[in-house]
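The values are calculated or read from the model by the stated rules, or taken from the named source; none is laboratory data. Since the model is a prediction, treat every value here as computed from it, not as a measurement. Don't worry about glycine lacking a Cβ; one is built from the backbone with ideal geometry, like all the others, and counts go over all protein chains shown. Just the protein is used for accessible areas: all its heavy atoms, side chains included, with ligands, DNA and RNA removed. Shrake-Rupley method; radii C 1.70, N 1.55, O 1.52, S 1.80 Å.
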Amino acid sequence: MRFENAYLPAGGYWTSPFCKWQGSLSTLHPVHFAADVTTQGLAARGIDAKDLDSLVFGWTVPSKHVFYGGPWLAGLIGAPGITGAMLSQACATSAASLAHAAAWIDAGGSDSVLVVTSDKCSNGPHLVYPNPTGPGGKGDAEDWVWDNFSFDPWAKNAMIQTAENVAAEADISREEMDTLTIRRHEQYDEGVASGFQKRIMITPYEVKRGKRVLKTVDGDEGVFPTTAEGLAKLKPVL
């Protein structure tokens, strides 16, 4: 798909640090976290939230009050007069959110769209759905993250099994996957060394409870040195 009128302004993008499952960011609410990072990113680039006329908010894992996620986020960043679509497309949510914003601009619906995506896998919700036919009206329960990662109701298998199926179909060997993993690790290190990561990442980020700072996150959490020999020693999960 080619867009004629939509573009990302130079430097008009940023990210929070990424942290491990149950790591330093696991206690934060995704909407509050997204609003904080967005506010800092806009301020650093001299962008007034009041100059925006629409937004797209992407999320895959629901959180409390996310029903109002778009307008709530807009209010928290100082632009309570705008709103827009909320999108969820599992692993493609970010790409789908950008595509929606670009299409909306190309269609003449907006001039400046803020795209924000925010998710938290740690402490994902445990949901109960009404089921009047259940014993005593007992509802159906679901662990949003764990259950859905583990079972696709159409394909009848877990995400990890899909990865195995794709590798078999495309004839991708374990050695090729390890080689690509090493290359991605090298590219990550290159991004840090060149200063690219520092330019786009909102750091240091203070994790707070009320006004008390619990921890300061200076970069991505859980990235550690690796080698081809080290990867080769890892036993496959499947």
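Observations, loosely collected:
- Option label - percent of Cα pairs over 28 Å apart computed here, alternatives [x] 32; [y] 45; [z] 59: [y]
- Between the C-alpha center of the stretch 18-32 and that of the stretch 169-238 there is a gap of 16 Å.
- Per residue accessible area of the stretch 1-55, 1.4 Å probe, in Å²: 62
- Orientation-averaged projection of the stretch 30-86 equals 3.5 nm² [convex hull of Cα atoms, one quarter of hull surface area].
- Extension gain for the segment T162 to R184, taken as residue separation times 0.36 nm less the Cα-Cα distance, is 5.8 nm to one decimal.
- Applying 1/(1 + (r/R0)^6) with R0 = 30 Å to the Cβ-Cβ distance of W154 and T216 gives a FRET efficiency near 0.10.
- Eigen-decomposition of the gyration tensor built on the alpha-carbon atoms of the stretch 166-238 gives equivalent ellipsoid semi-axes of 34, 16, 12 angstrom, largest listed first.
- With only the Cα atoms considered, the stretch 1-71 has a convex hull volume of 149 Å³ per residue.
- Placing a label point 7 Å from the Cα of K233 along the Cα-to-Cβ direction, the residues of the stretch 169-199 whose backbone N falls under 20 Å of that point are 174-183, 185-186.
- Charge dipole (debye, nearest 20) of the chain; +1 at Cβ of Lys and Arg, -1 at Cβ of Asp and Glu: 920
- GNM top mover of K156, K120, K198 - the chain, alpha-carbon springs below 10 Å: K156
- For H185, net neighbour charge (Lys/Arg +1, Asp/Glu -1) across residues whose Cβ lies under 14 Å away: -4
- Phi-based couplings in Hz for the stretch 72-86 (Karplus 6.51, -1.76, 1.60; Gly and Pro marked x): 5, 4, 4, x, 5, 8, x, 10, x, x, 10, 7, x, 6, 10
- Solvent-accessible area assigned to carbon and sulfur over the chain amounts to 59 percent, based on a 1.4 Å probe.
- Residue among Q22, Q40, Q161 with the largest mean-square fluctuation in a Gaussian network model of the chain, springs linking Cα atoms under 10 Å: Q161
- Linear extension gain, E4 paired with H126, 0.36 nm per residue minus alpha-carbon span: 39.6 nm
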